[in-house]
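Scroll down for the structure; my scribbles are underneath it.
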Amino acid sequence: MTGQRFRVGIVGLQPGRSWAARAHVPALRALSASYEIAGVANTSLASAEKAAAAAVLPRAFADVAELIAAPEVDIVAVTVKVPPHLEIARAAITAGKHVYCEWPLGNGLAEAEELADLARAKGVLGVVGTQARVAPEIEHLRHLIADGFVGEVLSTTLVARGRGWGGSIAEKKVSAYLLDRANGATMLTIPVGHTLAALRDVLGEVAEVSAVLATRRISAVAADTGETLPVSAPDQVLVSGVLASGAPLSLHYRGGTARDGDGLFWEINGTEGDIRVSGPSGHAQMVQLSLAGVRGNEATFRPLEVPASYRSGWPQDIVPGNVARLYARMARDLRDGTRTAPSFDDAVAVHRIIAAIEKAAESGSRTAVT
């Protein structure tokens, strides 16, 4: 199968503004030796035709069912809002298609488990878009920790800003659904979930958690309409826990944007040194990260440069760059039978941490991640 080009049908493409337009289309075009975009399906044929024309795609499908059934589609890319993920991905897997589904995989753990079980039963590849895992800084961090830069990991602390849950949204049509906890697209599930996926890669499994979830802002203003909208999603996520290694974990995500542009602080403390990861927001999957470290008798943190090899040959823009790295792993897995891309099973593991956080917050007691 070496050299085979995989044909991707995109579900949910709005030219100029959607995640598919910003990330998937340029990522796939940067990997033209491995992929071609077969077409798009939206909520209507007219919408799909508009998107296909704007992005210069070969076909606009009448609906999602037609896209899934099309013989020229090998992979279905699910890039819509979270609530329809289960229905679309289930239909694609049942039809024998491979699936790239944006994170969160499902609206809660049960949906994610259903999709992972179905993909396994049907023998198709399910990949989830937790692209912070393949960011150059996270990959380099993982190697630094594995190579003993900090020695034995003693503890880790992460404080970040969730940006979108800060009392206002830019567009009601685009972002209002993020304010309703029932939709499964909250600060806990999106930026915290993406970052937890990266943290698992670097430091291993989370074993147990205690948590507080608080909704301190009970309303938000839509800037485009001036409306005040109700909020049920938490804008404060506090977690204390223990990794499987025994190292304590502390995490606090706050809604809104950092006033000084410093929206992510992640420190890993070890017996031989410390590493800090920083960035402008807690959306580790889509912002420029930087690393700094100190070892032994050093008294000042120094920049830890990521080797140029981690970035060479990839789109320079962070958003399509990270998505391209994930798609490249998917192509390799399809050709070679490997499992290097974040899988549906990996997604279930992160959903289990989130479910444990929710249970711990509700019960007020320490909860095992199972």
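No lab work stands behind these numbers, since they all come straight from the coordinates. Only a predicted model underlies this, so the values are computations on that prediction, with no experimental measurement involved. So basically every Cβ, Gly included, is an ideal-geometry build from the backbone, and we count neighbours across all protein chains shown.
Some values worked out for this structure:
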read-out: Size of charge dipole - the chain - debye, nearest 20, with Cβ of Lys, Arg +1 and Asp, Glu -1, no other charges; value: 500
read-out: Those GluC sites (Glu not before Pro) in the stretch 27-122 that DSSP places in a loop and that have at most 16 other beta carbons within 10 Å; value: E72
read-out: Dipole of the stretch 281-343 [Lys/Arg +1, Asp/Glu -1 at C-beta], most positive-end residue of L304, H283, S343; value: S343
read-out: Extension reserve of the A223-S290 stretch, reckoned as 0.36 nm per residue once the Cα distance is removed; value: 21.0 nm
read-out: Pairwise label distance in nanometres, D260 with Y310, each label 7 Å out on the Cα-Cβ vector; value: 2.4
read-out: Nearby lysines by direct alpha-carbon distance to K359 (threshold 18 angstrom, same-chain neighbours under 8 apart not counted); value: none
read-out: Globularity ratio of the chain, using Cα Rg and 2.2 N^0.38 Å; value: 0.98
read-out: Local electrostatic count at H283 - Lys and Arg +1, Asp and Glu -1, tallied over other residues with Cβ under 10 Å; value: +2
read-out: Where labels lie 7 Å past Cα in the beta-carbon direction, separation of D147 and T94 in nm; value: 4.9
read-out: Footprinting exposure proxy for H98, H24 (fewest neighbouring C-beta atoms within 10 Å first); value: H98, H24
read-out: Folded to 0 to 90 degrees: helix 85-94 orientation relative to the chain principal axis, Cα; value: 60
read-out: Tilt relative to the chain, helix 109-122 - C-alpha long axis, 0 to 90 degrees, to 10; value: 50
read-out: Neighbour-limited loop hits for trypsin sites (Lys or Arg not before Pro), the stretch 141-243 (at most 16 other Cβ within 10 Å; DSSP other than H, G, I, E, B); value: R216
